[in-house]
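Here is the structure we will look at.
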Amino acid sequence: MIASLFSRPAWCAIVVCALIAALLPVLNLSFPDGHALHISAYAIALVAKFMCYALAAVALDLVWGYAGILSLGHGVFFALGAYAHGMYLMRAIGRDGVYQSTLPDFMVFLDWKTYPWYWAMTDNFWYCMLLVVAVPGVLAFVFGYFAFRSRIKGVYFSIITQAMTFAFMLLFFRNNTGFGGNNGFTDFKRILGYSLTAPGTRAVLYLITLVILLAVLVLCRAIVRSKLGRVLQAVRDAESRLMFIGYDPLWFKLFVWTLSAVLCGIAGALYVPQVGIINPSEMSPANSIEMVIWAAVGGRGTLLGPIIGAFTVNGLKSWFTAAFPELWLYALGLLFILVTLFMQTGVLGLFAKWKKTPEDA
């Protein structure tokens, strides 16, 4: 059954790319600086960050590409997962902060005396992992229930998702919410007792991210190839006809929307220890729109395409922000326009057309 999820060439490409990706941290640990086969720690961190973005892009593609639900607010789920893990990482700093207090530095600076109630038990790693899944999931379920039950869809749904992430961004910018205000969480020291700056720890985090990305890809592919996936595509293409034959789209949309939010939260949780910071800017509407661009550039409704798109767009972003930082937003806008006008099936769609033989046409 696993073999039937992708074509044989697609499986070969996935396995080869996964093996190459898994080899990078091994080369980083095995060869010293200056050796021809050495991979820098910067490159490892950059690829790890891109894999987190790719995971978020796959989660978005599941709802947009297959159920036709365009979310412009997935950044909030990504950030909530990151904040949930960040609470544990802040507690793990202990007395190694600037003020040598059991409270995080930002709380000492703001004259907090104790942790607020919602920080209870956040010194437990597994409790925070539960929050990583539960917080985005509950928010998505409640938001989705009222939105889908009210038959809000199309551009109206997209607008209110953007309003939601903007509202959360403003909330988290406030110092009195207990999440670090503008600066958010940073200066992490360790995870489960291991130093976050140690090459071995970073390699393990990198490999965990790779494994989870592959597992999510297979899970989402299994969903879209199942009967559930066909119903989701019917929701996208002919929702009224689906209702006419007796299906209630509410619960199908709610399931895939909540699952997508949970996967996005996991991506955020993997992102924060490897990048070393999470702040409210991750909830900005522009970040959510960038996720849509990753999926569109790679190929909406393909699952593999958003991974390609996340790596392509963020690779360009890294280059532009180093060489021509003032031009990046113009380049991103131009890329989105070109994809919308001339590449509606994305990079993967172009590749499929190129592979199509005259007999297939």
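Here the relative contact order of region 242-361, from alpha carbon pairs under 8 Å that lie six or more residues apart, stands at 21 percent. Of the residues Lys317, Lys227, Lys153, which exhibits the maximal mean-square fluctuation in a Gaussian network model of the chain defined by a 10 Å Cα contact cut-off? The residue with the greatest mean-square fluctuation here is Lys227.
Computed over the Cα atoms of region 150-260, pair by distinct pair, the Kirkwood hydrodynamic radius stands at 18.3 angstrom. Cα convex hull, region 24-78: 90 Å³ per residue, rounded to a whole number. Here the Kirkwood formula, the inverse mean of 1/r across different C-alpha pairs, assigns the chain a hydrodynamic radius of 21.5 Å. Ranked from largest, the principal axis spans of the Cα set of region 99-162 equal 52, 26, 15 Å. Protein heavy-atom accessible surface, 1.4 Å probe, per residue over region 138-185: 55 Å².
Legend: P(r) of region 212-361 from all alpha carbon pair distances, 5 Å bins from 0, whole percents, reading 2, 8, 12, 17, 18, 17, 13, 7, 4, 2, 0, 0. Here the 3J(HN,Hα) profile of region 198-212, calculated from phi with Karplus coefficients 6.51, -1.76 and 1.60 at θ = phi - 60°, is 5, x, x, 5, 5, 5, 5, 4, 4, 5, 4, 4, 4, 5, 5 Hz, Gly and Pro shown as x. The three principal axes of the Cα atoms in region 90-223 give end-to-end lengths of 52, 37, 22 Å, sorted in falling order.
Of the chymotrypsin sites (Phe, Trp or Tyr not before Pro) found in region 59-164, those that fall in a DSSP loop while having at most 13 other beta-carbon atoms within 10 Å are Tyr99.
Computed in the context of the full set of protein chains, the accessible area of the chain at 1.4 Å probe radius has 69% of its extent on carbon or sulfur. Global size of region 292-336: 10.8, 33 Å for Rg and Dmax (C-alpha atoms, Rg to one decimal, Dmax whole). Helix 328-342 versus the longest principal axis of the chain: what is the Cα-based angle in degrees, 0 to 90, to the nearest 10? Once rounded, the angle reads 20 degrees.
Between 0 and 90 degrees, the angle of helix 8-30 with respect to the longest Cα principal axis of the chain falls at about 20 degrees.
Based on every Cα atom in region 55-133, Rg and the maximum pairwise Cα distance Dmax equal 16.6, 50 Å.
The values are calculated or read from the model by the stated rules, or taken from the named source; none is laboratory data. Given the structure is predicted, the values throughout are model-derived calculations rather than measurements. Glycine gets a Cβ as well: all are built from the backbone with ideal geometry, and neighbour counts include every protein chain shown. Areas reflect the complete protein model, heavy atoms only, side chains present, ligands, DNA and RNA absent. Shrake-Rupley method; radii C 1.70, N 1.55, O 1.52, S 1.80 Å.
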